[in-house]
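Notes for the one structure printed next.
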Amino acid sequence: MNKRKLLAGPYLFWSVSFIIIPLFMVIYYGLTNDNGDFTLKNLAAMATPENLKALGLSLLLSVISTTVCLLLAYPLAMILTNMKVGKSSFIVLMFILPMWVNFLLRTLAWQNLLENNGVINTLLRFLNLPTIDIINTPYAIVLGMVYDFLPFMVLPIYNVLSKIDQNVISAARDLGANSFQTFLKIIFPLSLPGVISGITMVFVPSLTTFVISDLLGGSKVLLIGNVIDQTFTQGSDWHTGSGLSLVLTIFIVASMILVAKYDKEGKGAAF
Amino acid sequence: MPNKLIDIKNISKSFDDNLVLDDLNLYIRENEFLTLLGPSGCGKTTLLRILGGFEKPDQGRILFQGKDITDLAPNKRQLNTVFQKYALFTHMTIAENIAFGLKIKKKSKSYIQDKIRYALKLVNLDGFENRYPDSLSGGQQQRIAIARAIVNEPKVLLLDEPLGALDLKLRQDMQYELIRLKNELGITFIYVTHDQEEALTMSDTIVVMNQGYIQQIGTPEDIYNEPQNAFVADFIGESNILPAIMVQDKLVQILGTNFPCVDTGFGKNEPVDAVIRPEDIDLVKPEDGIMEGVVTHLIFKGVHYEMEVTAHNFEWLVHSTDMFPVGTKVGIKVDPFDIQIMKKPESEDEEAAAADE
């Protein structure tokens, strides 16, 4: 038994050095000022009009991109589930393939594609079509978020859907449900755990991203991630940066608790 | 004789290149307990799924009370299925599970409540309304699956190896339960199993299937006592299957020794197969038997002793409540009506049976 416990050693070392200690450092910096005295001022920094606006925009864009991801991913996951194994693994591969390319590179590629003199607009001008000017707007950021995070929505939903016993679906049909009723009353409720983990995996990184908004939003669109990033790097103000991070973390934890609570009440079989 | 309820006409079905059902014909009467019995891969479950509407046959029609239902979706058929692994809706309570079909049909609240209570009483699970399927044992889940199906008042209940996942004792209890249910409901049961004992216990009619063909249709007694070919004899219970020659009416030569029997109508000196059930062999003193042999194996089985007796280079399987130690010289005696004579396989169907052994 004790030898077994030793196996956890490397991970324990890792998590203490790189997760737990840094977390306490963030808490320490967030709750103190330059003199090392306790203060709540850093947390209150979130309440300035600019920061609130950035947080609001972050929430709005994350909700939109999570919704778009869900609307794209669910039908796709259903199609994948109903496919024969050989075919579906090919399409799953097609989906995962972009994930193997570094996320920064992919976002950079979108920047090049969307720029005013980028690939898409050059092509559109060549064809005498109206150009699309969405670079440096929230639209481009949503596009980037959806593109980067869509696989994180597809995979958990596909996972859950493919594990639903075909006999359960047959049973619903057998008991008189048509295919729409079967989806509404059986398939969707049973897939909720996957939907919820998909939402988590898209919503959280969308809410905290600063790279996507940096590259596709220019300096014109500030998300809360950018605010924190700038506080640390440009302002070199570790205390305010940590304070803002703490508030954001509380936001995320609260929304996850809310989601988990809903899941339990909905009896989404997430045990 | 009750009417034909379901008429299965010339059904063929293959998956990829694998022929699962080949030109199968069968009818099912009203209020019958019919069992499709066979080893795995014999096509019995596929036939059930075709009846339920979950598979379409490549050829042939299914008539239900004279109407063609071959192309009807499962939700439009007047029959309900109890699935192998229960297939309960885990996100719903027991009451919601049972009410599922009734809610779809937009029955009134009070009607649904009455039905839930009635169904739970019928399967001896009153008071389980608000539990979830995961908190129930396998046997209880199975009963809920049955309750969920019968509240819809189907004309036919299809059961796909419903007892397969239960342990022996529970399985036996559920067999009696199912017979009682069938008698109380007065509907037709079509039951799929690979367990011959289950089939013998519950059925009015047994359909023995192998490799997509029907091997024999009959009452449990017919199937057990008068198997029509070696496959059926071998599949239903243990048996000694011996090559034999029909010397004349009522006399068969087995391993060179003449045994009196009751079968007539075979050709003179026609080669046949003789089936003798292990419990039909009497072991007597060597001089009193028709054939002499030596006991080579002895196992105590509880109800009886299982012995192997070597006689004329054949290992006879014998069940007896009398014990003869290994090495004892014994005489083998068989009553004439305990010898079942079968024609040697010649048709395609029976060759399929033989090939499976």
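Is it fair to say residue A:242 is over 27 Å from residue A:64 (Cβ atoms) and either open to solvent by 20 Å² or more (accessible area, probe 1.4 Å) or away from chain B (no Cβ under 14 Å) (or both)?
Details: over 27 Å from residue A:64 (Cβ atoms): yes; either open to solvent by 20 Å² or more (accessible area, probe 1.4 Å) or away from chain B (no Cβ under 14 Å) (or both): yes.
When the stated conditions are applied, residue A:242 passes them.
Out of the residues in the range A:130-185 that are closer than 25 Å to residue A:219 by Cα and among the acidic types (Asp, Glu), which is farthest from the other protein chains (Cβ to nearest Cβ)?
In this case the residue turns out to be A:133.
Looking at the range B:100-132 only, could you name the residues that are among the charged types (D, E, K, R) and within 14 Å of chain A (Cβ to nearest Cβ)?
Matches in the range B:100-132: B:103, B:105, B:106, B:107, B:115, B:131.
Output the residue which, of all residues in the range A:58-103 that are outside any helix (DSSP H, G or I) and either hydrophobic (A, V, I, L, M, F, W, C) or open to solvent by less than 70 Å² (accessible area, probe 1.4 Å) (or both), is farthest from residue A:46 (Cα to Cα).
Let us first name the residues in the range A:58-103 that are outside any helix (DSSP H, G or I), namely A:83-84, A:101-102.
Imposing the further condition that a residue be either hydrophobic (A, V, I, L, M, F, W, C) or open to solvent by less than 70 Å² (accessible area, probe 1.4 Å) (or both) reduces the set to A:83, A:101.
Values: A:83: 48, A:101: 35 Å.
Looking at the filtered set, the residue picked out is A:83.
Of the numbered conditions (1) surrounded by fewer than 22 Cβ atoms within 10 Å (Cβ to Cβ); (2) free of Cβ contacts under 8 Å to residues at least 60 places away in the same chain; (3) in contact with a helix residue (DSSP H, G or I) (Cβ under 6 Å, 6 or more places away or on another chain), residue B:134 fails exactly one; give the number of that condition.
Status for residue B:134: all satisfied but (3).
For residue A:130, which of the numbered conditions (1) open to solvent by 60 Å² or more (accessible area, probe 1.4 Å); (2) out of contact with any Leu (no Cβ under 8 Å at 6 or more places or on another chain) fails to hold?
It is condition (2) that residue A:130 fails.
Quick check: is even one residue across the range A:85-92 closer than 30 Å to residue B:15 by Cα and under 21 Å from the mean Cα position of the chain (by Cα)? Spell out how you get there, then give the answer.
Filtering the range A:85-92 for residues closer than 30 Å to residue B:15 by Cα gives A:85-92.
From what's left, under 21 Å from the mean Cα position of the chain (by Cα): A:92.
Taking every residue of the range A:85-92 in turn, at least one turns out to be closer than 30 Å to residue B:15 by Cα and under 21 Å from the mean Cα position of the chain (by Cα).
Can you go through B:288, B:282 and tell me which one is within 27 Å of residue B:229 (Cα to Cα), open to solvent by 50 Å² or more (accessible area, probe 1.4 Å), charged (D, E, K, R) and touching a strand residue (DSSP E or B) at 6+ places or on another chain (Cβ under 9 Å)? Talk me through it step by step, then tell me what you get.
Details: B:288 fails: within 27 Å of residue B:229 (Cα to Cα).
Only one candidate qualifies: B:282.
Going through the range B:341-357 one residue at a time, which ones are in contact with a helix residue (DSSP H, G or I) (Cβ under 9 Å, 6 or more places away or on another chain) and either at pLDDT 90 or above or not in a strand (DSSP E or B) (or both)?
Result: B:344, B:345, B:350, B:352, B:353, B:354, B:356, B:357.
Please find, among B:324, B:300, the residue that is surrounded by fewer than 14 Cβ atoms within 10 Å (Cβ to Cβ), among the hydrophobic types (A, V, I, L, M, F, W, C) and modelled with pLDDT of 90 or more.
Details: B:324 fails: surrounded by fewer than 14 Cβ atoms within 10 Å (Cβ to Cβ).
Only one candidate qualifies: B:300.
Going residue by residue through the range B:153-161, is there one that turns out to be touching a His at 6+ places or on another chain (Cβ under 8 Å) and either assigned by TED's automatic domain parsing to the domain that holds residue B:99 or open to solvent by 10 Å² or more (accessible area, probe 1.4 Å) (or both)?
First pass over the range B:153-161, keeping only residues touching a His at 6+ places or on another chain (Cβ under 8 Å): B:161.
Now restrict to residues that are either assigned by TED's automatic domain parsing to the domain that holds residue B:99 or open to solvent by 10 Å² or more (accessible area, probe 1.4 Å) (or both): B:161.
Checked against the condition, which is being touching a His at 6+ places or on another chain (Cβ under 8 Å) and either assigned by TED's automatic domain parsing to the domain that holds residue B:99 or open to solvent by 10 Å² or more (accessible area, probe 1.4 Å) (or both), the range B:153-161 yields at least one hit.
Of A:106, A:173, which residue is open to solvent by 50 Å² or more (accessible area, probe 1.4 Å) and in a helix (DSSP H, G or I)?
Details: A:106 fails: open to solvent by 50 Å² or more (accessible area, probe 1.4 Å).
Selected residue: A:173, the only one of A:106, A:173 that is open to solvent by 50 Å² or more (accessible area, probe 1.4 Å) and in a helix (DSSP H, G or I).
Select from the range B:133-153 the residues that are outside any helix (DSSP H, G or I) and away from chain A (no Cβ under 14 Å) and write down the one among them that is nearest to residue B:93 (Cα to Cα). Full working, then the answer.
Just the residues of the range B:133-153 that are outside any helix (DSSP H, G or I), to begin with: B:136-137, B:151-153.
Right, trim to away from chain A (no Cβ under 14 Å) and you get B:136-137.
Details: B:136: 11, B:137: 15 Å.
Ranking the qualifying residues of the range B:133-153, first place goes to B:136.
Exactly one of these conditions fails for residue B:85: (1) buried (at least 19 other Cβ atoms within 10 Å of the Cβ); (2) within 13 Å of chain A (Cβ to nearest Cβ). Give me its number.
The failed condition is (1).
Just give me the residues in the range B:60-82 being out of contact with any helix residue (DSSP H, G or I) (no Cβ under 9 Å at 6 or more places or on another chain) and within 14 Å of chain A (Cβ to nearest Cβ), in sequence order.
Selection gives B:72, B:76, B:78.
The values are calculated or read from the model by the stated rules, or taken from the named source; none is laboratory data. Bear in mind that the values here come from a model prediction, so they are computed numbers and not experimental data. Positions of Cβ are generated from backbone atoms using ideal geometry, with glycine treated the same way; all protein chains shown enter the neighbour counts. The protein model used for the area step is the full one, side chains on, heavy atoms only, and it has no ligands, DNA or RNA in it. Shrake-Rupley method; radii C 1.70, N 1.55, O 1.52, S 1.80 Å.
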